[in-house]
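Here the structure comes first, spelled out in structure tokens, and everything after it is commentary.
The values are calculated or read from the model by the stated rules, or taken from the named source; none is laboratory data. Since this is a predicted model, take the numbers as computed values, not measurements. When we count neighbours, we look across all protein chains shown, and the Cβ atoms used for this are built from the backbone with ideal geometry, even at glycine. Please note that ligands, DNA and RNA were not included when accessible areas were found on the heavy atoms of the full protein model with its side chains. Shrake-Rupley method; radii C 1.70, N 1.55, O 1.52, S 1.80 Å.
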Amino acid sequence: MSDFVYLDNAASTRLDERVLEAMRPYFFETYAVATSQFGYSPGVEAKDALESARSDLASALGARAEEVVFTSGGTESSNMALKGVAMALGEKKGKHIITTRIEDFPVLNSARALERMGFRVTYLNVDETGRIDLQALEQAISADTILISVQSANQEIGTLQDIAAVARLGHERGVLVHTDAAHSFPRVPLNVAETPVDLVTMTAHLVHGPKGVGALYIREGTPLAKWMDGGFQEFNLRAGEENIPGAIGFARAIQLVTVEETQRIQAMRDRLITRALQIPHSRLNGHPVFRLPHNANISFRFVEGESILLHLDMRGFAISTGSACFSRSLEASHVILGIGGDHERAHGSVRFTFGRFNQERDVDAIADAVAEVIASLREISPLGKEAN
Amino acid sequence: MYNDRILQHFSNPHNVGDIPDADGMGQATGGDKCPEDLAYFWIKVVDGRITQVRQKTRGCPVAIAASSATSVLAEGKTLEEAGRITVEAVAAVLGEMPERKFDSIVGPKALAAAIEDYRSRTEG
């Protein structure tokens, strides 16, 4: 397995050893629950560590520490944002929520769940690059709109939205704005002091941090109902014992992301796109410029993604596909369909996502392997002749 | 992970290609769960027996493996015998697979269409 080249960093990433080292004492030494300053010493120590992680994470976001709540991950954070606002404002202000067609499942399925509970949801269309139309967003706002939830970056095609513009618009119209930044933060910086979003979903495991920990930024004064009942942790907003090693690991993982590293990753990604687009009948999905630095998503005509995935797996490469055959839901990628692609384009779509542990030499190796695999699958495809 | 029989057929599919002067040609698409799966089958028939079969398939690994297995089963068979190559028969050859993948076994349908095409040509 040591030579295996992992290019599915948007699914999850390898933990960085330095993150593990930072976490280790909180499993074996400072393992007590976080207690108040009048509790026993190990508990106070645990509380101090938790608050220092919170403060580190908050400063990476330009927020104050009290505005950051640790959660079990991006899914919980987005559920908390959408359902928390809906429960807080549904009766008082209105039952209309605006989001996009191409959100990741935590937001999309939270919105659908709220629809079943009587909320009205507008799912904004996106253009062929995956970006929303700000005018359409503005027109969708009505007197009963309580929340706009627009992702910072797309999970499949990597398209970045203009969150600053979305936030300004929400701000002007008095509507709360949530953004799912699980796939972008902190590689694509977000500063809530400059960008007036009210709620931000973040997760650790996509930036070489541990699985099972995330955070939600909640701007001071944002109405948010507590929807998981239990204890009084996390400013009485999120019940459940705090995952202190996780929080420490998350904060450390954020510190380790540097601009230089992101540039190195982007250079590898750019080279792969250039090489892959030399394959006939291929096209880049997503925006050519406004996209995650580590994401490449390419559709190859006349072939199917799961077969590409299996051939590449046999050659030691891990990638992902938007093909219906491969998805757990058996549905073609709602993102590729959302940008106006047909089922064939989803069927032949491949996502490559880079991370810290990829090497420059991997790029030509994967590009060569992809070219060979596509050629051999087209050889046996009934439509392959059209590719020549 | 797919079983070894599926992986073998998928990695080295049998009878890939086409027959320009085929006696029968048929095509079929996958079921509801995988409508993008697509197989073309060509056959040569001598004295009521399939002497040559070629196929091309686009689809997931099961679709590709199933067309390969279908073509192996059909070789040398009488048209009547070949007509009895069902999705279930091919699934049995391939061994264990997720049930939803039955929708991707398009080979038998394409073969049946090729036999049908041969019959309509000879009877017509």
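Where residues in region B:7-28 are over 22 Å from B:Arg84 (Cβ atoms) and not in a loop (DSSP other than H, G, I, E, B), which of them is nearest to the other protein chains (Cβ to nearest Cβ)?
B:Val16
With the requirement that a residue be of a type outside the set (A, V, I, L, M) and buried (at least 18 other Cβ atoms within 10 Å of the Cβ), what does region B:16-26 give you? Step through it out loud before you land on a result.
Filtering region B:16-26 for residues of a type outside the set (A, V, I, L, M) gives B:17-18, B:20-21, B:23-24, B:26.
Across region B:16-26, the qualifying residues are B:Asp23, B:Gly24, B:Gly26.
Can you find even one residue in region A:307-319 that is touching a Pro at 6+ places or on another chain (Cβ under 6 Å) and open to solvent by 10 Å² or more (accessible area, probe 1.4 Å)? Even if it seems obvious, please write down each step before you answer.
Quick first cut of region A:307-319, residues touching a Pro at 6+ places or on another chain (Cβ under 6 Å) only: A:307, A:310.
When the remaining residues are screened for being open to solvent by 10 Å² or more (accessible area, probe 1.4 Å), the result is A:310.
For region A:307-319, residues touching a Pro at 6+ places or on another chain (Cβ under 6 Å) and open to solvent by 10 Å² or more (accessible area, probe 1.4 Å): present.
Please determine whether any residue of region A:343-356 is in a helix (DSSP H, G or I), away from chain B (no Cβ under 11 Å) and either free of Cβ contacts under 8 Å to residues at least 40 places away in the same chain or surrounded by fewer than 22 Cβ atoms within 10 Å (Cβ to Cβ) (or both). Even if it seems obvious, please write down each step before you answer.
First pass over region A:343-356, keeping only residues in a helix (DSSP H, G or I): A:343-347.
Restricting the remaining residues to those that are away from chain B (no Cβ under 11 Å) gives none.
Among the residues of region A:343-356, not one is in a helix (DSSP H, G or I), away from chain B (no Cβ under 11 Å) and either free of Cβ contacts under 8 Å to residues at least 40 places away in the same chain or surrounded by fewer than 22 Cβ atoms within 10 Å (Cβ to Cβ) (or both), which makes the answer no.
Check region B:93-115 and report whether any residue there is within 25 Å of A:Lys385 (Cα to Cα), open to solvent by less than 50 Å² (accessible area, probe 1.4 Å) and not in a helix (DSSP H, G or I).
yes
With respect to A:Thr100, is the statement that it is buried (at least 16 other Cβ atoms within 10 Å of the Cβ), more than 17 Å from the chain's Cα centre (by Cα) and either in contact (Cβ under 8 Å) with a residue 24 or more places away in the chain or in the same structural domain as A:Val192 (by TED's automatic domain parsing) (or both) true? Steps first, please.
Numbers: buried (at least 16 other Cβ atoms within 10 Å of the Cβ): yes; more than 17 Å from the chain's Cα centre (by Cα): no; either in contact (Cβ under 8 Å) with a residue 24 or more places away in the chain or in the same structural domain as A:Val192 (by TED's automatic domain parsing) (or both): yes.
So A:Thr100 fails the test.
Among the residues of region B:64-71, is any at pLDDT below 95 and either assigned to a helix (DSSP H, G or I) or in contact with an Asp or Glu (Cβ under 8 Å, 6 or more places away or on another chain) (or both)?
As a first pass, look at region B:64-71 and keep what is at pLDDT below 95: none.
Scanning region B:64-71 turns up no residue that is at pLDDT below 95 and either assigned to a helix (DSSP H, G or I) or in contact with an Asp or Glu (Cβ under 8 Å, 6 or more places away or on another chain) (or both).
Taking only region A:304-342 into account, find how many residues are assigned to a loop (DSSP other than H, G, I, E, B), of a type in the set (A, V, I, L, M) and modelled with pLDDT under 95.
Let us first name the residues in region A:304-342 that are assigned to a loop (DSSP other than H, G, I, E, B), namely A:304, A:315-316, A:319, A:322-333, A:339-342.
Add one more test, that the residue is of a type in the set (A, V, I, L, M), and what stays is A:319, A:324, A:330, A:332, A:339.
Remaining after also requiring modelled with pLDDT under 95: A:324, A:330, A:332, A:339.
Residues in region A:304-342 being assigned to a loop (DSSP other than H, G, I, E, B), of a type in the set (A, V, I, L, M) and modelled with pLDDT under 95: 4 in total.
How many residues does region A:204-230 contain that are under 21 Å from A:Leu176 (Cα atoms), within 14 Å of the chain's Cα centre (by Cα) and β-branched (Val, Ile, Thr)?
Residues in region A:204-230 being under 21 Å from A:Leu176 (Cα atoms), within 14 Å of the chain's Cα centre (by Cα) and β-branched (Val, Ile, Thr): 0 in total.
Residues checked against (1) farther than 26 Å from A:Ala60 by Cα; (2) within 20 Å of the chain's Cα centre (by Cα):
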| position | (1), (2) |
| --- | --- |
| A:Ala247 | no, yes |
| A:Glu261 | no, yes |
| A:Pro280 | yes, no |
| A:Ser299 | yes, no |
| A:Ser323 | yes, yes |
| A:Ser327 | yes, yes |
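May I ask you to list the residues in region A:23-54 that are loosely packed, with under 14 Cβ neighbours inside 10 Å, hydrophobic (A, V, I, L, M, F, W, C) and outside any loop (DSSP other than H, G, I, E, B)?
The answer is A:Phe27, A:Phe28.
Only one of these conditions is not met by A:Glu76: (1) in a helix (DSSP H, G or I); (2) closer than 22 Å to A:Glu138 by Cα. Which number is it?
Unmet for A:Glu76, out of (1) in a helix (DSSP H, G or I); (2) closer than 22 Å to A:Glu138 by Cα: (2).
Tally up the residues in region A:176-197 that are free of Cβ contacts under 8 Å to residues at least 60 places away in the same chain, out of contact with any helix residue (DSSP H, G or I) (no Cβ under 7 Å at 6 or more places or on another chain) and open to solvent by less than 20 Å² (accessible area, probe 1.4 Å), please.
Of the residues in region A:176-197, 1 are free of Cβ contacts under 8 Å to residues at least 60 places away in the same chain, out of contact with any helix residue (DSSP H, G or I) (no Cβ under 7 Å at 6 or more places or on another chain) and open to solvent by less than 20 Å² (accessible area, probe 1.4 Å).
Taking the residues in region A:4-22 that are part of a helix (DSSP H, G or I) and over 23 Å from the mean Cα position of the chain (by Cα) as candidates, determine which candidate is surrounded by the fewest Cβ atoms within 10 Å (Cβ to Cβ). Full working, then the answer.
At the first step, the residues of region A:4-22 found to be part of a helix (DSSP H, G or I) are A:17-22.
Then drop every residue that is not over 23 Å from the mean Cα position of the chain (by Cα), which leaves A:21-22.
Values: A:Glu21: 11, A:Ala22: 22.
For region A:4-22, the residue satisfying everything is A:Glu21.
Would you confirm whether or not region A:370-381 contains a residue that is open to solvent by less than 50 Å² (accessible area, probe 1.4 Å), in a loop (DSSP other than H, G, I, E, B), farther than 22 Å from B:Lys101 by Cα and more than 14 Å from chain B (Cβ to nearest Cβ)?
No, because not a single residue in region A:370-381 is open to solvent by less than 50 Å² (accessible area, probe 1.4 Å), in a loop (DSSP other than H, G, I, E, B), farther than 22 Å from B:Lys101 by Cα and more than 14 Å from chain B (Cβ to nearest Cβ).
Among the candidates B:Ile85, B:Ile43, single out the residue that is assigned to a strand (DSSP E or B), of a type outside the set (Lys, Arg), open to solvent by less than 40 Å² (accessible area, probe 1.4 Å) and away from chain A (no Cβ under 14 Å). Talk me through it step by step, then tell me what you get.
Values: B:Ile85 fails: assigned to a strand (DSSP E or B).
Answer to the check: B:Ile43.
When you go through A:Arg238, A:Arg173 one by one, which is the residue that is touching a strand residue (DSSP E or B) at 6+ places or on another chain (Cβ under 9 Å), surrounded by fewer than 16 Cβ atoms within 10 Å (Cβ to Cβ) and of a type outside the set (A, V, I, L, M, F, W, C)? Outline the logic, then answer.
Working: A:Arg238 fails: surrounded by fewer than 16 Cβ atoms within 10 Å (Cβ to Cβ).
Result: A:Arg173 is the single residue among A:Arg238, A:Arg173 that is touching a strand residue (DSSP E or B) at 6+ places or on another chain (Cβ under 9 Å), surrounded by fewer than 16 Cβ atoms within 10 Å (Cβ to Cβ) and of a type outside the set (A, V, I, L, M, F, W, C).
Could you please let me know if A:Ala113 is farther than 25 Å from A:Val207 by Cβ, modelled with pLDDT of 95 or more and of a type outside the set (Ser, Thr, Tyr)? First the steps, then the outcome.
Details: farther than 25 Å from A:Val207 by Cβ: yes; modelled with pLDDT of 95 or more: yes; of a type outside the set (Ser, Thr, Tyr): yes.
Yes: the conditions hold for A:Ala113.
For region A:213-232, what are the residues that are surrounded by 16 or more Cβ atoms within 10 Å (Cβ to Cβ) and at pLDDT 95 or above?
Once the filter is applied, which keeps residues that are surrounded by 16 or more Cβ atoms within 10 Å (Cβ to Cβ) and at pLDDT 95 or above, region A:213-232 yields A:Val213, A:Gly214, A:Ala215, A:Leu216, A:Tyr217, A:Ile218, A:Arg219, A:Thr222, A:Leu224.
Scan region B:88-124 residue by residue and report those that are within 14 Å of chain A (Cβ to nearest Cβ) and touching a strand residue (DSSP E or B) at 6+ places or on another chain (Cβ under 8 Å). Write out each step before concluding.
First, the residues of region B:88-124 that are within 14 Å of chain A (Cβ to nearest Cβ): B:97-107, B:109-111, B:113-114.
Those that are within 14 Å of chain A (Cβ to nearest Cβ) and touching a strand residue (DSSP E or B) at 6+ places or on another chain (Cβ under 8 Å): B:Val106, B:Gly107, B:Lys109, B:Ala110, B:Leu111, B:Ala113, B:Ala114.
All but one of (1) at the interface with another protein chain (Cβ under 10 Å from one of its Cβ atoms); (2) buried (at least 23 other Cβ atoms within 10 Å of the Cβ) hold for A:Ser333, so report the exception by its number.
The failed condition is (1).
Which count do you get for residues in region A:55-73 that are assigned to a helix (DSSP H, G or I) and of a type in the set (Gly, Ala, Ser)? Break it down stepwise before answering.
Of all residues in region A:55-73, those assigned to a helix (DSSP H, G or I) come to A:55-61, A:65-67.
With of a type in the set (Gly, Ala, Ser) added as a condition, the list becomes A:55, A:58-60, A:65.
Going through region A:55-73 one residue at a time, the tally reaches 5.
Given the criteria touching a residue at least 24 places away in the same chain (Cβ under 8 Å), open to solvent by less than 20 Å² (accessible area, probe 1.4 Å) and more than 14 Å from chain A (Cβ to nearest Cβ), does B:Ile64 qualify? Let's see the steps before the verdict.
Working: touching a residue at least 24 places away in the same chain (Cβ under 8 Å): yes; open to solvent by less than 20 Å² (accessible area, probe 1.4 Å): yes; more than 14 Å from chain A (Cβ to nearest Cβ): no.
Against the criterion (touching a residue at least 24 places away in the same chain (Cβ under 8 Å), open to solvent by less than 20 Å² (accessible area, probe 1.4 Å) and more than 14 Å from chain A (Cβ to nearest Cβ)), B:Ile64 does not qualify.
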